[in-house]
1. Using θ = phi - 60° and the Karplus relation 6.51 cos²θ - 1.76 cosθ + 1.60, list the HN-Hα couplings for the range 31-40 in order, rounded to whole Hz, with x at every Gly or Pro.
2. Mind sorting K6, K42 by how few other Cβ atoms lie within 10 Å of their own Cβ, fewest first?
3. Tabulate in residue order the Karplus-calculated ³J(HN,Hα) for the range 19-28, using 6.51 cos²θ - 1.76 cosθ + 1.60 with θ = phi - 60°, rounded to whole Hz; enter x for Gly and Pro.
4. Could you work out how far apart the two model spin labels at S17 and L46 are, taking each label as a point 7 Å from the Cα in the direction of the beta carbon, and quote it in nm?
Amino acid sequence: MQRSIKPPSEAKCLPRSLESQCYWKATEWRVFLLLYSVVILKGVLLERHYNHWALSLVQLYTQSASDTVSVIDHSFHYFADTACERYRSVV
């Protein structure tokens, strides 16, 4: 499904497969979270969880557009570095 999505102008390249998420760079996680996840997770998550996720994306997107980019960049790097280990049993 991911390959059928045309990347928006904010994404510099096509996304890699979800199977290679352990090798994603922080920018790939950011693009997935802010742009693709809202499409991919619709119908996968329960509606109340999906709505909560979408609300959190509004917060993330708003923060990423603010002047605290370095803090957010650090947070995404940390998230990307620890995501595979933390969520290995979930995925």
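1. 5, 4, 5, 7, 10, 8, 4, 5, 7, 5
2. Going from least to most buried by this count: K6, K42.
3. Once θ is set to phi - 60°, the couplings for the range 19-28 become 5, 9, 4, 5, 9, 5, 8, 4, 5, 5 Hz.
4. 3.1 nm
Every read-out reported here was derived from the displayed coordinates using simple, explicitly stated rules and does not represent laboratory data. Keep in mind it's a predicted model, so treat the numbers as computed, not measured. For neighbour counting, all protein chains shown are included, and Cβ atoms are generated from backbone atoms with ideal geometry for every residue, glycine included.
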